[in-house]
1. Name the residue, out of D430, D424, D365, that is acidic (D, E), under 30 Å from A22 (Cα atoms) and either open to solvent by 20 Å² or more (accessible area, probe 1.4 Å) or not in a helix (DSSP H, G or I) (or both).
2. Can you find, within region 97-111, the residue that is surrounded by the most Cβ atoms within 10 Å (Cβ to Cβ) among those that are more than 13 Å from the chain's Cα centre (by Cα) and of a type in the set (G, A, S)?
3. Within region 333-353, restricting attention to residues that are of a type in the set (D, E, K, R) and part of a helix (DSSP H, G or I), which residue is most open to solvent (accessible area, probe 1.4 Å)?
4. Restrict the check to region 28-38 and report whether at least one residue is touching a residue at least 40 places away in the same chain (Cβ under 8 Å), crowded, with 24+ Cβ neighbours inside 10 Å, within 30 Å of P422 (Cβ to Cβ) and within 15 Å of the chain's Cα centre (by Cα).
5. Being crowded, with 22+ Cβ neighbours inside 10 Å, modelled with pLDDT under 95 and either aliphatic (A, V, I, L, M) or farther than 30 Å from R434 by Cα (or both) is true for just one of G330, G380. Which residue is that?
6. I'd like the full set of residues that are open to solvent by less than 50 Å² (accessible area, probe 1.4 Å) and either among the aliphatic types (A, V, I, L, M) or at pLDDT 95 or above (or both), limited to region 293-308.
7. Among the numbered criteria (1) open to solvent by less than 10 Å² (accessible area, probe 1.4 Å); (2) closer than 19 Å to S353 by Cβ; (3) not basic (K, R), which single criterion is violated by A144?
8. G178 fails exactly one of the following numbered conditions: (1) in a loop (DSSP other than H, G, I, E, B); (2) without any contact (Cβ under 8 Å) to a residue 24 or more places away in the chain. What is the number of that condition?
Amino acid sequence: MKQFIGDRAIVVGGSIVGTLAARVLSESYREVVVVDRDKVLGVREVRRGAPQAAHAHAFHSRGFRIVHELFPRLPEELERAQVPVPDLGEMRWYFNARLLRQTKTGLRSIGALRPVAEDILRSMTAALPNVTYREETELAGYLADAGRDRIEGVRLRGSAAGSAAFDLHGDLVVDATGRGSRTPALLERFGCERPPESRMRIGLTYTTRLFRRPPGVLEDTQSVNPVASPAHPRGAFFGRVGPETCILSLTGILGDRPPTDPEGFLAYAKSLPVPEVYEAVRDAEPTTDAVSFSFPASVRRHYERLTRFPDRLVVLGDAVCSFNPVYGQGMTVGAMQVMALRERLAQGTPPDSLGLRQDVAAAVDAPWAISTGGDLDFPGVPGERTPEVVEGNRFLARLAAAATEDPVLTEAFLKVAGLVAPPDSLMSPDVVARVDRHVAA
């Protein structure tokens with residue numbers, strides 16, 4: 001008979017990271033309850049609690065490998081939903097308006113609309129016999145022991161106005177409520193300090209619209225991605241997300257806001273440094289109105305630095321760190337944190353609080369360095385530009401230029417971008433020699 005660590009684990013937040021956490025917790029707890037303030041089961045539309053879901057998202061490389069490990073049926077479910085599963089190296093990536101050499105890498109990505117990806121993963125999780133969902137229910141507070149040293153459950157209430165609060169006791173509570181997490185404020189009620197924060201102000205705005213895919217468009221690749229750079233600060237992600245549907249997310253940084261009106265949206269697309277995106281959509285039939293989402297700053301909460309933190313409480317995903325979304329890191333880093341939780345649970349005891357907080361922080365370290373270092377390449381972004389950051393961005397520009405000719409460099413770069421390889425792998429003798437050879441040519 002399977003040995004469980006405890007009777008009940010509670011996950012607050014039923015989005016991607018909360019869903020993955022529930023899947024992992026189902027291996028170690030007799031019952032897993034997922035709480036979300038929205039209706040989430042069977043939902044494939046953008047919902048109130050996740051407005052960012054309207055915009056382009058991706059599980060890149062490492063994230064795809066993790067979800068495939070947790071859900072072996074994933075490829076069949078994606079095929080049933082007609083979701084593309086492209087090779088990152090066969091996408092068209094433009095850096096400084098120059099196309100990286102395309103190549104087959106084996107680095108897979110899920111090319112789905114985020115609500116569709118959420119529903120696929122959530123449906124497989126909800127089908128587990130020991131996982132239940134409490135929809136349209138929100139967190140009102142944490143329950144703690146007399147000394148406020150251990151969390152023993154949550155106080156909940158229905159999302160409808162006037163709903164009465166009620167208590168749900170559990171052996172472990174996971175906060176996967178995202179960027180708006182109330183845990184810092186709730187901890188203050190227990191005499192704990194708020195976690196220190198690191199911020200990178202970027203003033204990013206996404207504006208997104210769906211189109212019916214025109215004949216001949218995106219037939220030889222899943223997506224076309226002109227990545228913003230200091231010389232060309234306007235960027236876009238244009239991809240096929242179904243047989244006849246494509247998504248275009250335009251990005252602006254430092255207060256540059258892609259418009260939502262049809263004429264302004266197309267004019268912004270025309271201003272991109274490569275014409276391919278505009279030419280694909282200028283006569284395409286839109287299937288939704290354009291919507292915008294503002295992202296003022298990347299924020300990292302350092303729970304690992306707290307000297308007092310209640311036991312049996314776990315914070316994951318955007319509730320720990322919300323990255324500049326143009327790097328496509330958030331869902332994958334959340335998945336990495338969930339796997340850190342799984343490794344702790346595999347020891348057969350409740351996870352050590354400090355040890356797990358340190359594991360979660362370690363999963364954030366490299367992606368945070370990648371995204372904030374890249375942001376500091378834009379002159380208007382405030383922050384300290386250390387010699388390492390300046391030299392790193394200079395080298396990456398040289399590498400991207402060389403990768404327009406060398407598919408080996410494209411693969412090396414995408415392994416790092418996809419969080420499969422560490423950033424220092426780009427400084428290997430072979431990579432540096434290839435960069436030097438191409439740049440000198």
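The values are calculated or read from the model by the stated rules, or taken from the named source; none is laboratory data. Just so you know, these numbers come straight off a predicted model, no measurement behind them. Cβ atoms come from the backbone with ideal geometry, glycine included; neighbour counts cover every protein chain shown. Surface areas here come from the heavy atoms of the whole protein model, side chains and all, with no ligands, DNA or RNA. Shrake-Rupley method; radii C 1.70, N 1.55, O 1.52, S 1.80 Å.
1. D365
2. G111
3. The qualifying residue most open to solvent (accessible area, probe 1.4 Å) is E343.
4. no
5. G330
6. The answer is A297, S298, V299, R300, R301, H302, Y303, E304, L306.
7. Checking A144 against (1) open to solvent by less than 10 Å² (accessible area, probe 1.4 Å); (2) closer than 19 Å to S353 by Cβ; (3) not basic (K, R), the one that fails is (1).
8. Exception for G178: condition (2).
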